[in-house]
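Comments concern the structure below.
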Amino acid sequence: MPDESSGETGPPDGETYILRLFIAGPSPLSRRAIVNTRRICETHLPGRYDLEILDLSQNPELAGPHQIIGAPTLVKESPLPVRRFVGDMSRTAVILHGLGLPDASGTEPFPEP
């Protein structure tokens with residue numbers, strides 16, 4: 001686990017990302033979010049992620065403890081800090097920035113304040 005006082009902007013290579021994607025049934029929006037999230041993970045985190053897809057229409061009780069107010073929502077649990085993304089996950093640059101990963105142009109994310 002990285003030392004939070006070190007000022008590192010992203011996780012060290014090899015650290016596993018723990019991601020949870022909350023969806024609401026088999027809607028087109030949910031399907032796009034699943035496809036886009038898997039694409040981002042396979043492209044930018046191959047072999048370095050654990051993605052769990054949770055359907056709130058089947059398990060609505062999961063929303064409260066995870067602070068989910070809309071779906072689809074992607075939650076990055078680890079590495080810290082926790083981040084949440086809402087929508088169909090089509091804004092790849094925004095997702096990569098929030099995950100602490102460089103975007104396709106190689107631009108590093110802004111350091112945390």
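Fully extended, how many nm does the chain gain between R38 and T16 (0.36 nm per residue separation, minus their Cα-Cα distance)? Don't jump to the answer; show the numbers that get you there.
Details: separation 22, 0.36 × 22 = 7.92 nm, distance 1.48 nm.
Extra length from R38 to T16 when fully extended: 6.4 nm.
What nm distance separates the two modelled labels at D55 and E77, each placed 7 Å from Cα along Cα→Cβ?
2.0 nm
Coordinate-derived values only; no laboratory data. All of these numbers come straight from a predicted model, not from anything done at the bench. Note that we place each Cβ from the backbone using ideal geometry, even for glycine, and neighbour counts take in every protein chain shown.
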